[in-house]
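Read through the structure below, which is laid out as C-alpha cells, and then see the notes.
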C-alpha cells in the first residue's frame with residue numbers, strides 16, 4: 001500500500017510542503033490528485049465539491065496543474081508549441097489548422113502576467129534546465145490552474161536557479177495560487193513553506209511549521225534521529241593515485257564535453273567535483289572508467305594507463321565505481337539482489353570462473369553484504385527493481401566497496417536516496433577514505449560535495465574553474481558553478 | 001525441475017496459457033461451425049427447431065476436436081485393438097510419434113529465438129539459420145560417407161556450424177555497425193531460402209536422374225536413428241530434451257548466461273560493469289544460429305533425408321511462436337513446441353478424417369499466441385485481477 005488513509009488540506013495562497021523520503025508515497029498521492037492514479041478509497045474535494053479525476057484532463061479542468069520531476073516536454077518543439085500541446089488553439093473546426101499566432105500570444109501574456117520570462121520561439125532542447133522548468137510552470141498556468149503541484153522541482157537546479165524558483169513560488173502565492181511542494185530537501189522547505197506535512201510509509205506522521213528545526217523534520221521523516229552533517233576527521237593525503245592531464249572528451253552528440261581537465265586525487269583524500277549537471281562531470285568520470293573515448297590527454301592510476309584499458313580491467317585493477325544514473329547504469333532491475341552484487345565480478349573467484357557460476361558463493365556473498373550494508377530486502381533472490389531507491393543504491397555501494405580498492409569514484413552517490421541511507425552511504429565513503437583509498441566524488445548537490453570533500457574542484461563547461469577548500473563560502477562556490485570567477489583567483493587551494 | 005514448476009505456477013502464467021488455449025479452442029469451434037454448410041443451413045430455421053442446429057453444431061465440433069486429440073496423442077480404439085491383438089503397438093503409438101516428429105525441430109528453433117531474446121536480440125532469422133543448418137547437414141550427410149555414429153555426428157555438427165555462421169553475420173553487423181538484427185536477419189532469411197532453391201538443382205547436389213528440385217539422399221549412417229515403419233519419430237526429440245537442458249544451464253548457471261541476461265535486461269549497466277556488450281551480441285547470435293541450424297539438421301537427417309527447397313518448412317517462424325508461448329524459458333519452449341507439434345499432428349488427422357482444413361490448426365496456433373501476447377485481454381475476459389493490483393502498484397509507487 002503506497003498511501004494509507006491520508007488526509008491533507010491545501011488552503012488558497014499557501015505553499016504546502018509535502019516532505020518524505022523516497023518511496024514514502026508522496027508521488028503516489030499527487031498522481032491521484034492529478035488523475036494519473038485512482039484512489040481505492042477516500043475522496044478528493046476541490047472548493048467544497050467532491051471530484052473524481054479519471055485523467056489529468058479532469059484534474060486540469062478542476063484547476064489542478066502539475067510539474068513533474070522529469071519534464072514532459074518535446075525537445076524539438078518550440079516553447080510555444082510545447083505549451084500549446086494538449087490544448088492546441090485550432091481554427092476552422094476540429095480538423096482545422098493550428099493557430100500558432102494565438103498560442104504564441106497566450107504564452108507571452110501568461111509569462112508577463114506572472115513574471116516568468118520565457119522565449120516562445122526557442123527550441124526546448126536548447127534551453128537550460130531551469131528555463132525548461134519555467135516552461136512547464138507557464139504551461140500549467142496557461143491552463144488557468146489554482147493549485148500547482150511541483151514534484152521535486154529543485155532536484156535539477158543550481159543554487160541560483162533554486163533561489164529564482166523560490167521567488168517565483170512566492171509571487172504565485174501572492175497572486176492567490178496554491179502550491180504543493182514535494183521535496184526531501186529540508187532547507188528549501190524551511191525557506192518557503194507555509195505548512196509542512198510529513199509522510200512516512202504512506203501515512204501522515206505529522207504536520208509542522210516552518211520554524212521546526214531541520215533535525216526535527218529529518219527525524220519525523222526517517223522515524224529516528226539522524227545526523228545531517230558528515231562526520232569526519234581531517235584527511236591525511238598520501239601518494240598521488242589518480243592523475244588526469246589535459247583530458248579532452250566528447251559527449252554522445254560529438255560536442256566537446258570535457259575540454260582540457262587536469263586533476264589529481266591522492267590516497268586518503270576525497271576530491272569533490274561540484275558543478276551544475278551537464279558541465280562535463282559525467283563524461284569526465286566515464287572517460288576515466290573506460291566507458292567513453294578519450295580524445296586527448298592522459299589518465300593514470302599509479303603506473304597504469306587507464307586510457308588503454310577496458311572497463312573490465314579498470315574495475316579489476318582496484319577501482320570502485322558508482323555511476324550517476326543508478327537505474328540506467330548501476331543495476332539490472334530484473335536481476336536479483338545477489339546477482340547485482342556480483343555484476344562486475346561474476347566470473348572471478350570465488351563467485352565463478354570463465355565458464356560457470358558458483359550460485360552458492362553468489363548467494364553467500366549476498367547474505368553477507370545485505371547484513372553488512374543494511375540492505376532492506378525480502379531475500380537475496382528479490383529483484384532489485386522492487387527495492388526502494390536507497391536500497392538499490394546500497395546494493396551498488398556494497399558491490400563496489402566489497403573488494404580492495406585503490407580508487408573509488410562515486411557519481412551522485414545519494415541521488416534519489418532517502419535521508420537515512422544518505423547518512424549511511426556518506427559514512428561508508430569516509431570510511432573508505434580513511435583506509436587510504438583515493439576518492440573522487442561528483443555531485444550536483446553542493447551540500448554533499450562540501451560535506452564529503454577535502455578539496456573541491458568546480459567544473460563549468462568542461463573545464464575546472466577552480467579548486468577550493470570546503471570552507472569556502474557557499475555563495476562563492478555557487479557563483480563558480482554558474483561560471484562566474486569574479487575575485488576568486490583560479491587554482492586557489 | 002521442482003523449482004521450475006514452482007516458478008511457473010507462482011507467476012500465474014500456466015493459468016494464463018491454459019485460458020488462452022480454452023479461448024482459442026472456443027473460437028476455433030465457432031469457425032468449424034460457420035465453415036460447415038450443412039450446420040449453417042440448420043441455423044436457418046433456428047427459431048423453429050433450435051435443437052437441430054445445436055445438436056449438429058455439437059456433433060461437428062466434437063468430432064473435429066476428437067480427431068485432433070486422437071491424431072496428437074492416440075486413438076483409444078487402436079489401443080484396444082492392440083490389446084486385443086488386432087493391431088500393432090506401432091500403430092497405437094503412431095500419433096504420438098507424429099507429435100514428437102513435428103515438435104523436435106521446433107524445440108531447437110524455439111530455443112534459438114528464446115535464447116537470443118533473453119540477450120535482448122529479436123532473432124527473426126531462425127528460419128534462415130535453420131535453412132543453412134539443413135544445407136550443411138544435408139551436404140555433409142551425403143558427401144563424406146564416414147562410418148556409423150561418426151557420420152551422423154559430423155552431419156549434426158555441420159548443421160550447427162552452418163546455422164551459427166548465419167547467426168554470426170547479424171550479430172557481428174550489430175556489434176560493429178549497430179545494424180538492427182531484425183532487418184538483417186529478415187534479409188538473411190530470404191538469402192538462405194533462395195540459396196537453397198538454387199543449390200538443390202546444381203550438379204553434384206541434385207539427385208542423379210531427377211529433374212525436380214531434390215538433392216541426393218543422406219547416407220543411412222548419417223540419418224538420425226528411428227524405429228521405422230509408421231513410427232517416424234527419431235533421435236532428434238531426445239537430442240532436443242538434452243539441448244534444452246544445456247540451454248537452461250547456459251542461461252542460468254554459466255558465466256556467459258549471466259552476461260547475456262545482463263546485456264538483455266540492461267545493456268548500459270552491463271557495459272558499466274565491464275561486460276563486453278558487442279562481444280556478447282556476436283557470441284549470442286552465433287549460438288542462437290547454431291541452435292536453429294541444429295533444428296534444420298534434425299529435419300534433414302531425421303525426417304526428410306534429402307534437401308528440397310521447402311525442406312525447412314516453416315520451422316524457423318514456428319520457433320518465434322514457440323518461444324513466445326514458452327515465455328523465452330528453455331523448458332517452457334520445449335513444452336510449447338510439444339503443444340504445437342501435437343496441434344500439427346492432430347491437424348493432419350482432423351483434415352483427413354473430419355475434412356477440416358489444416359489451416360484451422362494454424363488459426364488455433366495463432367489465436368493461442370495472440371491471447372498469450374495480450375494477457376490483459378485474457379485477464380479481462382476471465383476477470384483475473386490479482387496480478388494487476390500488485391504489478392501496477394509496485395511500478396507506480398515511486399515516492
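FYI, it's all coordinate maths here, none of it is from the lab. Since the structure is predicted, the reported quantities are computational estimates derived from the model, not experimental observations. Neighbour counts are summed over all protein chains in view; Cβ atoms, including those assigned to glycine, are modelled from backbone coordinates with ideal geometry.
Give the calculated FRET efficiency between residue B:51 and residue A:312 to the nearest 0.05, with a Förster radius of 60 Å applied to their Cβ-Cβ distance.
Details: r = 75 Å, r/R0 = 1.24.
Once the sixth-power term is evaluated, E becomes 0.20.
If one computes P(r) from the Cα atoms of chain A, what percent of pairs lie at distances over 34 Å? Mind showing how you got there, number by number?
Details: 50647 of 121278 pairs.
Looking at chain A, the distances longer than 34 Å represent 42 percent of pairs.
Remark: B:249, B:166 ranked as B:249, B:166, counting other beta-carbon atoms within 10 Å and listing the fewest first.
Checking the a/c ratio against 1.5 first, then a/b against b/c, what shape does the Cα gyration tensor give for the range A:120-273? It is oblate, given that a/c is not under 1.5 and a/b is not larger than b/c. Across the range B:193-244, how large is the tail of the calculated P(r) beyond 16 Å, expressed as a percent of all Cα pairs? Within the range B:193-244, distances greater than 16 Å cover 60 percent of Cα pairs.
On the basis of the beta-carbon distance and an R0 of 56 Å, residue A:129 and residue B:40 show a calculated FRET efficiency of 0.25. Normalised by the number of residues in the range A:240-481, the average gap of Cα pairs under 8 Å and 6 or more apart makes the relative contact order 29 percent. Dividing the Cα radius of gyration by the Kirkwood radius, what Rg/Rh value follows for the range A:257-377? On the Cα set of the range A:257-377, Rg over Rh gives 1.01.
Take the Cα of residue B:87, step 7 Å toward its Cβ, do the same at residue A:167, and the gap between the two points is 9.2 nm.
Stretch residue A:45-residue A:253 to full length: gain in nm at 0.36 nm per residue minus the Cα-Cα span?
Details: separation 208, 0.36 × 208 = 74.88 nm, distance 4.78 nm.
Between residue A:45 and residue A:253, full extension yields 70.1 nm more.
Report the equivalent ellipsoid semi-axes for the range B:271-317 in whole Å, largest first, defined as the square roots of five times the eigenvalues of the gyration tensor built from alpha carbon atoms. Show your work: numbers first, answer last.
On the way: eigenvalues 221, 16, 9 Å².
So the equivalent ellipsoid measures 33, 9, 7 Å along its semi-axes.
The calculated Kirkwood hydrodynamic radius for the range B:252-344 is 15.1 Å, given to one decimal from all distinct C-alpha pairs.
Across all directions, the average flat footprint of the convex hull enclosing the Cα atoms of chain B is 25.8 nm².
How big is the Rg/Rh ratio for the range A:111-188, C-alpha atoms only, Rh by Kirkwood, two decimals? Working shown, then result.
Details: Rg = 12.2 Å, Rh = 13.0 Å.
Using Cα coordinates only, the ratio equals 0.94.
Helix A:359-372 axis versus longest C-alpha principal axis of chain A: approximately 70°, rounded to the nearest ten. Over the range A:360-415, the Kirkwood radius and the radius of gyration, each from Cα atoms, give a ratio Rg/Rh of 0.97.
Along its first, second and third principal axes, ordered by size, the range A:240-481 spans 50, 38, 35 Å in Cα coordinates.
Volume per residue of the convex hull around the Cα atoms, evaluated for the range A:357-493, comes out as 136 Å³. Based on alpha carbons, the Rg and Dmax found for the range A:10-129 are 17.1, 50 Å.
Per residue, the Cα convex hull of the range A:15-222 amounts to 130 Å³. Here the Gaussian network model covers chain B, with springs between Cα atoms less than 10 Å apart; of B:213, B:137, B:15, B:15 fluctuates the most. The relative contact order of chain B, computed from alpha carbon pairs under 8 Å that lie at least 6 residues apart in sequence, is 29 percent. Model label sites at residue B:69 and residue A:211, defined 7 Å from Cα along the beta-carbon direction, differ in position by 8.1 nm.
Just want the ordering: A:161, A:144, A:89, from fewest to most Cβ atoms lying within 10 Å of their own Cβ.
Working: A:161 20, A:144 11, A:89 15.
Fewest to most other Cβ atoms nearby, the residues stand as A:144, A:89, A:161.
Expressed in Å, the radius of gyration and Dmax of the Cα atoms of the protein assembly as shown are 33.2, 107. Between residue A:7 and residue A:89, the contour length at 0.36 nm per residue exceeds the alpha carbon distance by 25.8 nm.
How do A:443, B:112, B:80, A:327 rank when sorted from fewest to most other Cβ atoms within 10 Å of their own Cβ? Intermediate results must be reported in sequence, preceding the final value.
On the way: A:443 25, B:112 35, B:80 12, A:327 17.
Taking fewest neighbouring Cβ atoms as first place, the list is B:80, A:327, A:443, B:112.
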